[in-house]
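Here the structure is laid out as structure tokens; the discussion comes afterwards.
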Amino acid sequence: MNKTFAVPRGTSDILPDTVLLWEALEFLARKVCKSYGYKEVRTPIFEDTNLFKRSLGTTTDIVNKQLLELASSKEDQEEGYALRPEGTAAVVRSYIENDLEKKEPLSKLFYIGPMFRGERPQKGRLRQFHQIGVEVLGPNAASPLLDAEVIALAMQLLRELGVKEPQLKINSLGSKEDKARISSWLRAEFAKHTDRLCPDCRARFERNVFRVLDCKNESCRKVVAQVVKDLPLSVPSQEYFKQVQAALKSVNIPFEVSPHLVRGLDYYTHTVFEITAAGLGSQDAVGAGGRYNGLVHELGGNPKVSYGAIGFALGIERILLSLGEVPIPPANINIFVMSMKEEYQPLAFLVLQLLRKSGISADMNFAGGSMKSQMGKADKSGARFALILGEEEVKNKSVAVKDMRQSTQETVALDKIVEHIKNVLPEE
Ligand code: ATP
Ligand code: MG
């Protein structure tokens, strides 16, 4: 076949067998989120480009290098639209736009869906990938127990989805004021070592000095290790972080405090965390998140209200990579209808629809063919029973019901067939 078109770079088709795996994963994820009292929200996959610029920060890689903007949209919107690179900005936009704070004291939301980033594709790094994310928003939603709940939910999701030994790292960036003070301090300290910083960090240093802390470059890491033993948080921020850690310990969630863990986005304050899994190579983060108390105000929330907000996102493709080969149970139908003569095909179709309308999964071979070839198709379909329309059966307004496992056969009147099948099929 002449393959003229290919799937865009960094994206992939999820074919039917694999969709079964995704369905199972999404089902389980929804179940776990709901068990924590979270409700699903679905927002558009594209938004006003300014929403992302405002929330993620114009100096971040996501906005600077990875935003996939819709060129044609500039006609109806000054800045145009962009495909969403992450879920938080849209959920906060929706929270404010729909006045959710008036409807419930605390909004606990989750989402599952595709995200888009114009990255250089490689293993575990795609241009369209999928996330399971949660966001907790509300006036006064700044309890360290909520930080612990959100982290506990992320860990439980990963465990239930089968990720082996997920490793949790946490850190605190402190309040907005702490962050500003720590930025100046870091800048002053790193200024003494600019010759040892990589070109990226020398550029980052002015714009977003926190990013130097998680640079992978060997020389930068040495400078960071030498300069930063702990982030100098204010006493209330330290106290808050201690309470988060105590809550995690109380529910037996192991973690490592890593003073060099930062997240790439401007909006994080206080608790940030990242979860890695084995076997993923250099893209080993399966999920990450943190607190972003200031973002609701930043995006237009009521200035008189003090909001708290925290969330995370897990990467579904990376979760699947970490699981390795997973056996996928075949999606069998229950009934395969066969006609022994071409002229019985319309009757076969009628029987097929009778079954389907009663909620019984069924199929037939629309190309007809010999008894042998149709039996082969029935076998392949995994059907529990084959319904055979032969000359005798058609004459007597009946159908032969063949049990594909026991190889037994009986004749049933056509007007009793649905009832009969319902009786003999095992409970789902
Ligand atoms: P990374 O460190 O890999 O660049 P990130 O900090 O950009 O990740 P987040 O924005 O925090 O990632 O997204 C949360 C999770 O989404 C990541 O931990 C990862 O599992 C997944 N993810 C992010 N970007 C991609 C991508 N391009 N392809 C596949 N999965 C991704
Ligand atoms: Mg990234």
>> Taking the criterion of being open to solvent by less than 60 Å² (accessible area, probe 1.4 Å), farther than 13 Å from Val337 by Cα and touching a Ser or Thr at 6+ places or on another chain (Cβ under 9 Å), would at least one residue in the range 399-415 satisfy it?
In response: yes
>> Gln283 - would you say it is more than 16 Å from ligand 2 (Cβ to nearest atom) and open to solvent by 20 Å² or more (accessible area, probe 1.4 Å)?
In response: no
>> I'd like to know if the range 126-140 contains one or more residues that are under 30 Å from Lys242 (Cβ atoms), at pLDDT below 95 and touching a helix residue (DSSP H, G or I) at 6+ places or on another chain (Cβ under 8 Å).
In response: yes
> Among the helices (runs of 4 or more DSSP H) contained in the range 158-219, which hold 3 or more residues that are without any contact (Cβ under 8 Å) to a residue 12 or more places away in the chain?
Replying inline: 176-191, 199-207
> Which residues, taken from the range 21-44, are of a type in the set (A, V, I, L, M, F, W, C), over 12 Å from Ile112 (Cβ atoms) and open to solvent by 50 Å² or more (accessible area, probe 1.4 Å)?
Replying inline: Ala24
>> What's the total number of residues in the range 246-268 that are touching a Lys or Arg at 6+ places or on another chain (Cβ under 6 Å) and within 16 Å of ligand 2 (Cβ to nearest atom)?
In response: 1
>> Only one of Ser250, Ser237 is open to solvent by 70 Å² or more (accessible area, probe 1.4 Å) and modelled with pLDDT of 95 or more. Can you tell me which?
In response: Ser250
> Which condition number in (1) assigned by TED's automatic domain parsing to the domain that holds Gly301; (2) within 23 Å of the chain's Cα centre (by Cα); (3) within 16 Å of ligand 1 (Cβ to nearest atom) is the one that Asn64 fails?
Replying inline: (2)
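For the structure I just gave you, tell me whether Lys108 is at pLDDT below 95 and of a type in the set (Lys, Arg). Step through it out loud before you land on a result.
Values: at pLDDT below 95: no; of a type in the set (Lys, Arg): yes.
When the stated conditions are applied, Lys108 does not pass them.
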>> Taking the criterion of being within 34 Å of the chain's Cα centre (by Cα) and surrounded by fewer than 17 Cβ atoms within 10 Å (Cβ to Cβ), would at least one residue in the range 188-196 satisfy it?
In response: no
>> Cβ contacts < 6 Å: first residue under 22 Å from Gly294 (Cβ atoms), restricted to the range 247-272; second residue more than 16 Å from ligand 1 (Cβ to nearest atom) and part of a strand (DSSP E or B), any location; separation 6+ or different chain. Result?
In response: His270/Ser172; Thr271/Ser172
>> Looking at the range 120-153 only, could you name the residues that are assigned to a strand (DSSP E or B), open to solvent by less than 20 Å² (accessible area, probe 1.4 Å) and more than 16 Å from ligand 2 (Cβ to nearest atom)?
In response: Ile132, Val134, Glu135, Val136, Leu137, Gly138
> Of these, Leu67, Leu83, which one is open to solvent by 30 Å² or more (accessible area, probe 1.4 Å), within 16 Å of ligand 2 (Cβ to nearest atom) and without any contact (Cβ under 8 Å) to a residue 60 or more places away in the chain?
Replying inline: Leu83
> Out of Asp415, Asp403, which single residue is acidic (Asp, Glu) and within 45 Å of the chain's Cα centre (by Cα)?
Replying inline: Asp403
> Looking at Gly311, Gly279, Gly290, which one is under 30 Å from Leu51 (Cβ atoms) and out of contact with any Gly (no Cβ under 6 Å at 6 or more places or on another chain)?
Replying inline: Gly290
>> Could you tell me how many of the residues in the range 45-64 are open to solvent by 40 Å² or more (accessible area, probe 1.4 Å) and farther than 18 Å from Val262 by Cβ?
In response: 6
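The values are calculated or read from the model by the stated rules, or taken from the named source; none is laboratory data. Fair warning: this is a prediction, and the values are worked out from it, not measured in the lab. All Cβ positions, even for glycine, are placed from backbone atoms using ideal geometry, and neighbour counts span all protein chains on display. SASA here: full protein model, heavy atoms, side chains in, ligands and nucleic acids out. Shrake-Rupley method; radii C 1.70, N 1.55, O 1.52, S 1.80 Å.
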